[in-house]
Every structure is written in C-alpha cells, then in structure tokens.
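Note sheet for the following structure.
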Amino acid sequence: MRPALAQALAHGPAGLATIVSLGDGGPRPVGTQMVFGTNSRAGFLSGGCIEADVEAHARAAMADGRPRRLVYGEGSPWPDIRLLCGARIEILVERIAPDDAAAKTLLDLARARVPAAWISDGQRRLCAPLAEAAPAWPGAFARRFDPPPRLVVFGGDPTALAVASLGAQSGFQTVLVRPKGPTAPPPLAGVAYRRDDVAGAAAAVGLDAWTAVAVCGHDEAVDHQALLAALPSAAPYVGLLGARRRLGERLDRLRAAGVAEQDLRKLRAPIGLDLGGKAPFEVAVAVIGEIMAARHGQPALARREA
C-alpha cells in the first residue's frame with residue numbers, strides 16, 4: 001500500500017482504511033489496508049463484501065477530516081452488509097494530508113529499506129524506525145511495515161526470465177542480473193535489469209534480510225560468484241538451479257573459497273519446491289512458492305527437507 005499511498009498523496013489528501021480487529025476468521029489479516037486517492041483506489045479488505053461501503057466512508061473522511069470506526073458482521077449498524085465468511089471486521093478509516101509527517105517518514109523508511117512502526121488512532125499518527133518506536137497509546141493501533149520484498153535473479157535463459165517475471169507479478173521488487181548480457185533489457189514488466197559483474201550488482205542492489213536470491217545462470221563461474229555474494233549475506237533465501245548430482249562438488253568449491261557451514265545450510269538446491277514440473281514457468285512457480293513458504297514459515301519447507 002505504500003506506493004499507492006505515495007501516489008494518492010501526490011494529488012491531494014488520501015483515505016486510509018485499516019483492519020484493526022478481526023473475529024471469527026476473515027479473508028484478510030489484521031493490518032490489511034486500502035488506500036483511496038482523488039481518482040484512485042488500491043487494495044481490498046474482504047472478498048468484495050464491504051469495499052464499496054468502506055470507500056464511501058473513506059471519501060467522506062477525506063472531505064471532513066473526521067476518522068471513522070466501522071464494524072461489519074456481528075454488532076454492525078449495517079446488518080444488510082453481509083460477510084459470507086461470517087467474520088466480524090473492525091476498520092479504522094482516516095484522512096492523510098499530503099504534508100502528513102508520519103506518512104512522509106513511512107515512505108522515507110520504505111525507500112531506505114528500514115522496518116517501520118506506524119501508530120495511529122485516526123487523528124494522531126506517529127511513524128518511526130521499528131528499533132526506535134514507542135509503545136502505542138490507548139485507543140491507537142500499531143502496525144509494523146517491513147521493507148518491500150525483493151528478488152534478485154541471476155541468469156538470462158528462459159527459466160531465469162520466467163522466475164523474474166513471476167516474481168514481479170507476485171509483488172517482489174525484482175532485479176534480473178545477467179553479467180555481460182545484451183544491452184537491451186528483456187521485455188519483462190516490473191523487472192529491473194543489470195548487466196554488470198556479480199559482485200558489483202550484488203553490492204549495488206544490497207542483499208538484505210528482505211531479499212531472496214535465485215541463482216539460475218547455467219554458467220558455473222557466474223553461479224559460483226553469485227553464491228559467494230549471496231550465501232554470507234543477510235538474504236534469508238538463496239536457491240540454486242542445477243542437477244542434484246553435481247551439488248556435492250559445488251559445495252566443496254564453496255567451502256574451499258571460505259564459505260562457512262552455517263551459510264551453506266542456507267542454500268536450497270535444487271531450487272524450488274518439488275512440484276514435478278521442468279518447464280520454465282513450472283520451475284518459476286516452484287521457486288516463488290518456496291520463497292513465500294520460507295517467508296511465512298510454512299510446513300512445505302519441512303516436507304522438502306525430509
């Protein structure tokens with residue numbers, strides 16, 4: 001929602017709707033948000049049951065500046081608006097001015113890739129780096145914002161292109177790195193392109209704790225250099241495309257280059273969940289699925305390890 005908020009504030013005040021309480025399930029978790037601009041709308045809070053009504057309240061808040069607390073489901077003043085899942089959803093709707101200090105801090109921290117804490121009661125807002133944040137005051141809602149997830153793909157064959165394309169479609173800030181590759185970038189929407197050497201690209205992009213690395217180079221030298229950069233880094237996911245039978249010699253070469261055993265244990269090879277497919281987009285689904293499972297700590301990873 002941060003890019004949508006930035007876009008909305010560039011044209012005037014924005015409306016921000018946040019799920020602050022949830023009972024009996026619900027399609028989206030607490031903290032889910034929608035953003036409304038003068039001529040824009042982004043996000044969703046349910047399966048389509050309440051969005052139109054929330055938008056009407058948000059635009060009223062944008063006009064008069066007063067926050068709203070909306071309740072849908074049990075205890076709602078609008079019994080005609082039904083949630084098919086049977087959930088009870090409480091939503092805070094607030095007006096964000098173009099010069100709002102908390103919103104500016106939130107967007108600045110996102111650009112700097114620093115985790116942020118956002119605290120608001122609809123009238124008073126604070127935003128600070130997560131490490132410096134104060135506790136929420138009574139009646140306020142606190143939400144953590146991590147840096148946007150990022151994916152760095154090394155390679156240029158159809159599989160690498162498929163992984164990069166699906167990563168961008170899945171919401172990752174995606175960078176395709178192909179050292180000495182073609183001058184013109186591949187026609188992949190939302191994918192940045194670099195053709196410098198591995199070390200230079202890794203340093204320029206920055207492999208932080210919210211970055212996944214997919215090594216799909218089919219070039220032993222490039223793959224090795226990419227692993228040397230990625231495995232000791234803060235990147236929590238590093239995957240390598242290649243045959244299982246050659247994995248031992250690749251690991252030995254990494255050990256000989258000084259990569260520690262604890263860093264080698266991060267490597268996922270062969271890359272991706274075992275879904276059985278070999279076509280480029282089948283591999284891409286397996287890779288993005290594994291990255292998401294690693295991010296959310298899902299049981300699919302334990303089954304893969306077994």
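The values are calculated or read from the model by the stated rules, or taken from the named source; none is laboratory data. In this text the structure is predicted, and so the values were computed from the model without any measurement. Cβ sites come from the backbone with ideal geometry, for glycine too, and all protein chains shown count toward neighbours. Ligands, DNA and RNA are stripped out before the accessible areas are found, and what is left, the full protein with its side chains, is counted by its heavy atoms. Shrake-Rupley method; radii C 1.70, N 1.55, O 1.52, S 1.80 Å.
Would you confirm, using the coordinates I've provided, whether residue 99 is outside any loop (DSSP other than H, G, I, E, B), closer than 25 Å to residue 146 by Cα and open to solvent by 10 Å² or more (accessible area, probe 1.4 Å)?
No: the conditions fail for residue 99.
Quick one: is residue 223 touching a Cys at 6+ places or on another chain (Cβ under 9 Å) and in contact (Cβ under 8 Å) with a residue 60 or more places away in the chain?
yes
Among the candidates 52, 42, 63, which residue alone is of a type outside the set (S, T, N, Q) and touching a strand residue (DSSP E or B) at 6+ places or on another chain (Cβ under 6 Å)?
Being of a type outside the set (S, T, N, Q) and touching a strand residue (DSSP E or B) at 6+ places or on another chain (Cβ under 6 Å) holds for just one of 52, 42, 63, which is 42.
Looking only at residues that are among the β-branched types (Val, Ile, Thr) and buried (at least 19 other Cβ atoms within 10 Å of the Cβ) in segment 21-36, which one is nearest to the chain's Cα centre (by Cα)?
Ranking the candidates gives 32 first.
Residues are listed down the side, and each one gets a yes or a no for (1) surrounded by fewer than 17 Cβ atoms within 10 Å (Cβ to Cβ); (2) assigned to a strand (DSSP E or B):
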| position | (1), (2) |
| --- | --- |
| 79 | yes, no |
| 91 | no, yes |
| 106 | no, no |
| 110 | no, no |
| 119 | no, yes |
| 123 | yes, no |
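Out of 211, 183, I need the residue that is among the β-branched types (Val, Ile, Thr) and more than 18 Å from residue 235 (Cβ to Cβ). Which one?
Result of the check over 211, 183: 183.
Condition check ((1) under 20 Å from residue 43 (Cβ atoms); (2) polar (S, T, N, Q); (3) at pLDDT below 95; (4) in contact with a Ser or Thr (Cβ under 7 Å, 6 or more places away or on another chain)) across all residues:
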site	(1), (2), (3), (4)
72	yes, no, yes, no
76	no, yes, yes, no
92	yes, no, no, yes
105	no, yes, no, no
135	no, no, yes, no
139	no, no, yes, no
159	no, yes, no, no
171	yes, no, yes, no
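Let me confirm something: among 217, 248, 242, 206, which residue is of a type in the set (Gly, Ala, Ser), within 17 Å of residue 290 (Cβ to Cβ) and at pLDDT below 95?
Answer to the selection: 242.
Condition check: open to solvent by less than 20 Å² (accessible area, probe 1.4 Å), within 19 Å of residue 120 (Cα to Cα) and not basic (Lys, Arg). Does residue 9 satisfy that?
Considered against the rule, which asks whether it is open to solvent by less than 20 Å² (accessible area, probe 1.4 Å), within 19 Å of residue 120 (Cα to Cα) and not basic (Lys, Arg), residue 9 comes out as no.
Which residues, taken from segment 138-183, are assigned to a strand (DSSP E or B), touching a Phe, Trp or Tyr at 6+ places or on another chain (Cβ under 9 Å) and either among the aliphatic types (A, V, I, L, M) or buried (at least 24 other Cβ atoms within 10 Å of the Cβ) (or both)?
Those that are assigned to a strand (DSSP E or B), touching a Phe, Trp or Tyr at 6+ places or on another chain (Cβ under 9 Å) and either among the aliphatic types (A, V, I, L, M) or buried (at least 24 other Cβ atoms within 10 Å of the Cβ) (or both): 142, 151, 175, 176, 177.
Go through segment 186-212 and report how many residues are in a helix (DSSP H, G or I) and open to solvent by less than 60 Å² (accessible area, probe 1.4 Å).
Final tally of qualifying residues: 5.
Within segment 43-76, track down each residue that is of a type in the set (A, V, I, L, M, F, W, C) and either in a loop (DSSP other than H, G, I, E, B) or buried (at least 16 other Cβ atoms within 10 Å of the Cβ) (or both).
44, 45, 49, 50, 54, 58, 61, 62, 70 - these are the residues of segment 43-76 that are of a type in the set (A, V, I, L, M, F, W, C) and either in a loop (DSSP other than H, G, I, E, B) or buried (at least 16 other Cβ atoms within 10 Å of the Cβ) (or both).
Please enumerate the residues belonging to segment 242-259 that are small (Gly, Ala, Ser) and surrounded by 14 or more Cβ atoms within 10 Å (Cβ to Cβ).
Matches in segment 242-259: 242 only.
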